[in-house]
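Read through the structure below, which is laid out as structure tokens, and then see the notes.
The values are calculated or read from the model by the stated rules, or taken from the named source; none is laboratory data. Fair warning: this is a prediction, and the values are worked out from it, not measured in the lab. When we count neighbours, we look across all protein chains shown, and the Cβ atoms used for this are built from the backbone with ideal geometry, even at glycine. The accessibility values were calculated without ligands, DNA or RNA, using every heavy atom of the protein model including side chains. Shrake-Rupley method; radii C 1.70, N 1.55, O 1.52, S 1.80 Å.
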Amino acid sequence: DVLITTARDISQRKKIERDLQESEFFFKESQRSANVGSYKTDFIKGFWESSEVLDQIFGIDSSYSRSIQGWIDIVHPDDRVMMQKYLTEEVILKQNSFNKEYRILRKSDSIIRWVLGLGVPNFDENGNIITLIGTIQDITERKLADELIRKTEANLSAIIENTSDSIWAIDIAYEIIYINNVFKEAFRASFGVDLVIGMNLLNAVPEPLRPEWKSRYDRAFSNEQFI
């Protein structure tokens, strides 16, 4: 009897498989940590593919219809017309990259989220869009923080503008970066000068008083005292 066997070295294939698994792991982890999902839209077939993180952002599962209309249905109702117009006019007709912040209504819990969509379109020789490949990041926390800062600044500005105290701010070069109306009126009454943002405060002060004012602000900037 004769036994014939063959052997094949599969170590290289195993290494490639391990490398691919590691690459996929780090890719998913980086998306998860940044709350960024990826997608590829095939406009010929009319469907899009999505990464695991993007499914989580959208609140969808594998059974969700990933058609163009399916994406529109995820967009917040108040933003749908705007986003359809943006996709059609800015991306498809003008062949620009997709770069837009918009709201979605997450399918799993109907919670409003803000996302930043980025994408690179590909066109055929006739200018017809073929694919759109990109990422979508959940930026809700940043948008909420920006809104909180805006409201805080608006409230602070209202308080400053309605106070009876003189409030102003200058930089280290003595240029005015903020003045409220009370200080502006008091300065005009004292020195007959109208102050504006960007003006050098020391130049607006009468020359005999400039050394005193400069000394005062120099001490403040050196943290020896506060104005």
| Subset of region 195-211 [surrounded by 11 or more Cβ atoms within 10 Å (Cβ to Cβ) and assigned to a loop (DSSP other than H, G, I, E, B)] | Leu195, Met199, Val205, Pro206
| field | Pairs where the first residue, in region 171-186, is over 18 Å from Leu156 (Cα atoms) and the second is of a type in the set (Val, Ile, Thr) and crowded, with 17+ Cβ neighbours inside 10 Å, C-beta under 8 Å, 6+ apart | value | Ile176/Ile170
| Which condition does Phe183 not pass, out of (1) surrounded by 10 or more Cβ atoms within 10 Å (Cβ to Cβ); (2) in contact with a strand residue (DSSP E or B) (Cβ under 8 Å, 6 or more places away or on another chain); (3) not in a helix (DSSP H, G or I), if it passes all the others? | (3)
| Name the pairs whose Cβ atoms lie under 6 Å apart, with the first residue in region 136-161 and under 16 Å from Ile111 (Cβ atoms), the second of a type outside the set (Val, Ile, Thr) and open to solvent by 70 Å² or more (accessible area, probe 1.4 Å), and 6 or more positions between them or separate chains? | Ile139/Trp114; Thr140/Trp114; Lys143/Trp114
| query | Restricting attention to region 17-73, which residues are in a loop (DSSP other than H, G, I, E, B), surrounded by 15 or more Cβ atoms within 10 Å (Cβ to Cβ) and at pLDDT 95 or above? | reply | Phe43, Gly59, Ile60, Tyr64, Arg66
| Taking strands (runs of 3 or more DSSP E) that do not extend beyond region 77-157, which have at least 1 residues that are of a type in the set (A, V, I, L, M, F, W, C) and modelled with pLDDT under 95? | none
| message | Just the residues that are closer than 18 Å to Ile72 by Cβ and of a type in the set (D, E, K, R), please, taken from region 89-134. | response | Glu89, Glu90, Lys100, Glu101, Arg103, Arg106, Lys107, Arg113
| request: Might you let me know whether region 144-154 holds any residue that is more than 27 Å from the chain's Cα centre (by Cα) and either surrounded by 11 or more Cβ atoms within 10 Å (Cβ to Cβ) or of a type outside the set (Phe, Trp, Tyr) (or both)? | output: no
